[in-house]
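Below: the structure, in structure tokens.
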Amino acid sequence: MGVTPEMIREFEAIIRQIKDVVSAKIVSNEYGEVQEVHVLAKQNRSPKQLVRDIESAVMAQFGVALDHKKISVAQMANEEEIPVTEVRPKLIRAELFTEGVQAKAEVELQLGDDTMFGRAQGPGAYNNKLRLVAQATLDALERYLRGNCTFAVDDVAIIHLGRKQAAVVAVTLVTPEEEEALIGSAYVRVDEWETVVKATLNAVNRRLSLLVKP
């Protein structure tokens, strides 16, 4: 069975979540068959271990078996790694207001001495409210990054994991060079809106250090 372009993006997103993986690119043929899986990773673990983790992650998440012979791992030499300061915005406030059939989300974040505000407005259906909170979070980040990139919310969901609930957010990061699918999650503690913000930040935090202009 062939895989669709959307499935390939999801595969790449899952692979990028694996420890020590920096980036991933999957190449398929016209029939949707995976031909090549290119992975860039740090040198902390052996390529064989990374290949096993990639096979296991895709099988567990999607039930698809990747041929290990088609997975190539390139590792970054230590001297080529560029140290970056970790960028992790802090959630200050997440609120959602309903006006008739419309809803408006407002999010406030803090990064060092800087405060970021984001807003999003749209239909007040429950599922769309979750999306609006994620959009407001990304709006705050886009304003801070000043056009360095843009984000698109692909999907937001509250799922059950055993006896707990978690928010899962899928985001596409768009830069002048490429598009990248990102996934983040967070357990629901008290407030669903705050949890969606945290899941959205979890999706993009790994990339923010590379996007923030000095």
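The values are calculated or read from the model by the stated rules, or taken from the named source; none is laboratory data. None of the values given here were measured: they were computed from a predicted structure. Quick reminder, even Gly has a Cβ in these numbers, built from the backbone with ideal geometry, and neighbours come from all protein chains shown.
Is it true that some residue in segment 5-16 is touching an Asp or Glu at 6+ places or on another chain (Cβ under 7 Å) and either part of a helix (DSSP H, G or I) or exposed (fewer than 14 other Cβ atoms within 10 Å of the Cβ) (or both)?
From segment 5-16, those touching an Asp or Glu at 6+ places or on another chain (Cβ under 7 Å) are none; that's our starting set.
Within segment 5-16, not a single residue is touching an Asp or Glu at 6+ places or on another chain (Cβ under 7 Å) and either part of a helix (DSSP H, G or I) or exposed (fewer than 14 other Cβ atoms within 10 Å of the Cβ) (or both).
Conditions first: (1) touching a Gly at 6+ places or on another chain (Cβ under 7 Å); (2) crowded, with 18+ Cβ neighbours inside 10 Å; (3) among the acidic types (Asp, Glu). GLU33 passes all but one, so which condition is the exception?
(2)
Residues are listed down the side, and each one gets a yes or a no for (1) in a loop (DSSP other than H, G, I, E, B); (2) surrounded by fewer than 15 Cβ atoms within 10 Å (Cβ to Cβ); (3) in contact with a Phe, Trp or Tyr (Cβ under 7 Å, 6 or more places away or on another chain); (4) not assigned by TED's automatic domain parsing to the domain that holds ILE15:
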residue	(1), (2), (3), (4)
GLN110	no, yes, no, yes
PHE117	no, no, no, yes
ARG131	no, no, no, yes
ALA134	no, no, no, yes
PHE151	no, no, no, yes
VAL156	no, no, no, yes
VAL169	no, no, no, yes
LEU173	no, no, yes, yes
ALA181	no, no, no, yes
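Of these, SER23, SER46, which one is modelled with pLDDT under 90 and surrounded by 13 or more Cβ atoms within 10 Å (Cβ to Cβ)?
Numbers: SER46 fails: surrounded by 13 or more Cβ atoms within 10 Å (Cβ to Cβ).
Only one candidate qualifies: SER23.
Out of curiosity, is ASN127 in a helix (DSSP H, G or I), loosely packed, with under 15 Cβ neighbours inside 10 Å and not assigned by TED's automatic domain parsing to the domain that holds GLU10?
Values: in a helix (DSSP H, G or I): yes; loosely packed, with under 15 Cβ neighbours inside 10 Å: yes; not assigned by TED's automatic domain parsing to the domain that holds GLU10: yes.
Considered against the rule, which asks whether it is in a helix (DSSP H, G or I), loosely packed, with under 15 Cβ neighbours inside 10 Å and not assigned by TED's automatic domain parsing to the domain that holds GLU10, ASN127 comes out as yes.
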